[in-house]
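Accompanying notes for the structure given below.
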Amino acid sequence: METINLKSWEAFEKVINDDIEWKQANQKPHKYISDMLYRGHASSKWKLETSLERVLKKEHKDESLSWEKYHRILQSIDPAIRSFTNHQYEVLDFTDQNTSRFVPPAYEFMVYIRHHGFPSPLLDWSASPYVAAFFAFQEANEETDIAIFSYREYLGRAKGGWSGQPKITQLGPYAHTHKRHFLQQCQYTICTIEKEQGDTIKKYYSRHEDAEFRHDQDLLRKYVIPSNEKLKVLRKLESMNINSYSLFGTEESLMATLAFREITAN
């Protein structure tokens, strides 16, 4: 991963425009270049890790959790969610055929619980650099700079890698799930590794930081921006209707947005 220190918000906006121009210049009919995804961190010191990774590390548990074991966890929480909410998601029994898929079973359910705080192997990104910037600057403080990560899975060629090596897979936006997924223009990545167990191969969730990010695939960059740009950036995002309420749609987020408009921004 390449870390790039920027002196201003305007320098990051130039990065955005340069990337758009690069893709337009290099996109060919026989070469697929995927769109860039973005993720914002309020502290440049934070690692690129999922909520599940953080919980397992905090509880001193094995951070390599099998697809099958996590799916059993999904099945165990499904009855309570069905009972206390109006949400009904399909969480079928896990089979060995699931390990041959790129998308984990019950993906839409996983997206839903991810947006409501349940530990998840999904690392969430946004197709919008401005949405990512909001999440970075909203909780920023003067003690540390913020960071915005950019990720591109395909750069015009098929992906490769060694057997038994952790691999990143991008999961797209098309899911019947919670509205926040669409409001925030979300996409996700998972990091998986295959392990032989007897005559079968099992898939496990692995740490994103263990995957190999390269210049010809899984291109990852980290842009560090001074946190003292916070008010200027949030004012600009507000003018674009990117705020707590537009991204979450709750009464609490409405109050946060009104507080920013009437108190903080004035």
Around F149 (Cβ within 10 Å, Cβ-to-Cβ, excluding F149; K/R +1, D/E -1) the net charge comes to +3
Quote the relative contact order of the chain in percent (integer), defining contacts as alpha-carbon pairs under 8 Å separated by 6+ residues.
29
Under a point spin-label approximation (7 Å from Cα along Cα-to-Cβ), what is the K47-E194 distance to one decimal in nm?
2.6
Note, R180: beta-carbon cut-off 14 Å, +1 each Lys/Arg, -1 each Asp/Glu, net -1
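If the chain between E251 and A11 were fully stretched, how many nm would it gain, using 0.36 nm times the residue separation less the Cα-Cα distance?
Working: separation 240, 0.36 × 240 = 86.40 nm, distance 3.44 nm.
Value of the extension gain: 83.0 nm.
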Run the numbers on the stretch 171-249 and let me know its relative contact order in percent, using alpha-carbon pairs under 8 Å that are six or more apart.
25
Can you work out the base-10 log of I(q)/I(0) for the chain at q = 0.17 1/Å, using the Debye formula on its C-alpha atoms alone?
-1.47
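Assuming R0 = 30 Å, what is the FRET efficiency of D35 and S76, from their Cβ-Cβ distance, to the nearest 0.05?
0.25
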Among H208, H178, H87, which one shows the biggest mean-square fluctuation in a GNM of the chain, springs joining Cα atoms closer than 10 Å?
H87
Work out how much length R235 to I4 would gain on full extension: take 0.36 nm times their residue separation and subtract the Cα-Cα distance, in nm to one decimal.
80.7 nm
1/(1 + (r/R0)^6) with r = Cβ-Cβ of V103 and N266, R0 = 45 Å, i.e. FRET efficiency to nearest 0.05, evaluates to 0.45
What spacing in nm lies between the two simple spin-label points modelled at E21 and S163, each 7 Å away from Cα in the Cβ direction?
4.6
Estimated vicinal HN-Hα couplings, Hz - the stretch 114-122 in sequence order (Karplus 6.51, -1.76, 1.60; Gly, Pro = x)
4, 6, 10, x, 6, x, 9, x, 7
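Where the only charges are on Cβ atoms (+1 Lys, Arg; -1 Asp, Glu), what is the dipole of the stretch 110-235 about its Cα centre, to the nearest 20 debye? Walk me through the numbers on the way to the answer.
Working: 17 positive and 15 negative charges, 85 e Å.
Magnitude of the dipole: close to 400 debye.
Since every read-out is calculated from the coordinates, none of them should be taken as a lab result. Predicted model, so just to flag it, every value in this text is computed and none were measured. Every residue, glycine among them, receives a Cβ derived from its backbone with ideal geometry; neighbour counts consider all protein chains shown.
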